[in-house]
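For reference, the structure discussed in these notes is given below.
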Amino acid sequence: MLRTGTAFYIAQHSDWECAGSAENLDSALRDFERLAGANAIPLLVISDLNFSGENTGFSYIEKLRALYPGIKIIVYSMFFAAGMVQSAIQSGASGYVSKNANTADLLLCMEKALDGELFVQEELQENLTKYQKLTDALTKREKQVMELLLRRLSNEQIADALGIKKRAVDNYVSSIYEKTRVNDRERLIKKYGL
């Protein structure tokens, strides 16, 4: 409902046209294959981080950016925690707008992204800046681990994704807890993630 309502609003209040809409990752990727086959790749994609109850939005952004490097992707999501915003940007998003924002912010984000500018909704910027200062205290590997923690991956999954031993991940997680002054995964996610 929200997806079709958003597409309708955009069509009614701008010069943008909706090339498609998908409710899950597989359907979205199939739509892109179809559009690519017709030489009709859109200039911009609006993506949620949650497809049909699955947190696959980051994977979707990464896959689209790998397959179609010139495409601009903005996130329009109910998640507004700074860690989610930062992870979306690191995954390749050109902008981020919360579903709580007014529609003018969404349209502005679309225009800014198309112009090659990074856009983050104003109400999200202060927490994003604080989060970035916090993550500046983390090592490169700790940042990678934290991003995957915020995506709710287990230590074993993180180890596989980064090609390191689980024991190393355990040590990185302990260090992250110490530096963030948070002592468990759920609190970390609540504070910085979902």
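For the chain, what does the alpha-carbon gyration tensor say about shape, rounded, prolate or oblate, given a ≥ b ≥ c as the root eigenvalues, a/c under 1.5 as rounded, and a/b over b/c as prolate?
Judged from the Cα gyration tensor, the chain comes out prolate (a/c at least 1.5, a/b above b/c).
Of the chain, which part is the longest with no GluC sites (Glu not before Pro) in a loop (DSSP not H, G, I, E, B) and with at most 15 other C-beta atoms within 10 angstrom?
Counting at most 15 other Cβ atoms within 10 Å as exposed, the longest clean stretch of the chain is 24-116.
Once phi is turned into ³J(HN,Hα) by the Karplus curve 6.51 cos²θ - 1.76 cosθ + 1.60 with θ = phi - 60°, what whole-Hz value does each residue of the stretch 24-29 show in order, with x for glycine and proline?
Each residue's phi maps through the Karplus curve to give 9, 4, 4, 5, 5, 5 Hz.
Roll a 1.4 Å probe over the protein chains and send me the accessible area per residue for the chain in Å².
It amounts to 56 Å² per residue over the chain.
Which cross-chain or sequence-distant (5 or more) residues have an amide H under 5 Å from the amide H of Trp16, H modelled 1.01 Å from N in plane?
Distant-sequence amide H within range of Trp16: zero hits.
If contacts are Cα pairs under 8 angstrom and at least 6 residues apart, what is the relative contact order of the stretch 1-96 in percent?
Value for the stretch 1-96: 22 percent.
How far, in degrees from 0 to 90, does helix 166-180 lean away from the longest principal axis of the Cα atoms of the chain, to the nearest 10?
For helix 166-180, the angle is close to 80 degrees.
Rounded, prolate or oblate: which fits the stretch 64-121 when a ≥ b ≥ c are the square roots of the eigenvalues of the alpha-carbon gyration tensor, with rounded for a/c under 1.5 and prolate only if a/b beats b/c?
Oblate is the answer for the stretch 64-121, as a/c is 1.5 or above yet b/c matches or exceeds a/b.
Below 8 Å between Cα atoms, with a sequence gap of 6+, how large is the relative contact order for the chain in percent?
It comes to 16 percent, rounded to a whole number.
Using only Cα atoms and rounding to the nearest 10 degrees, what angle (0 to 90) does helix 2-13 make with the longest principal axis of the chain?
So the inclination is approximately 50 degrees.
Quantify, in whole percent, the carbon and sulfur part of the accessible surface of the chain (1.4 Å probe; protein heavy atoms only).
The nonpolar share, carbon plus sulfur, comes to 49 percent.
Could you work out how much longer the chain between Glu156 and Ala40 gets when fully extended? Use 0.36 nm per residue separation minus the Cα distance between them, nm to one decimal.
Answer, rounded to one decimal: 37.8 nm.
Pull up all non-local amide H partners of Val45: gap of 5 or more, or a different chain, and H-to-H distance under 5 Å with H placed in the peptide plane.
Lys72, Ile73, Ile74
Taking Cα atoms, how many degrees apart are the long axis of helix 140-150 and the longest axis of the chain, rounded to 10 and kept between 0 and 90?
70 degrees
Taking 0.36 nm per intervening residue step and subtracting the Cα-Cα distance, what contour gain separates Thr139 from Glu178 on full extension?
12.7 nm
How big is the gap, in Å, between the Cα center of the stretch 73-101 and the Cα center of the stretch 145-194?
Centre-to-centre (Cα) distance: 20 Å.
Please give the calculated 222 nm ellipticity per residue for the chain, where each DSSP H segment of at least 4 residues contributes -39500 (n - 2.57) and the sum is spread over every residue; nearest 500 deg cm²/dmol?
One gets -18000 deg cm²/dmol as the mean residue ellipticity at 222 nm.
The values are calculated or read from the model by the stated rules, or taken from the named source; none is laboratory data. The shown structure was predicted, so the numbers you read here are calculated from the model rather than taken from an experiment. Note: ideal-geometry Cβ built from the backbone for every residue, glycine included; neighbour counts use all protein chains shown. For accessibility, only protein heavy atoms count, side chains too; no ligands or nucleic acids. Shrake-Rupley method; radii C 1.70, N 1.55, O 1.52, S 1.80 Å.
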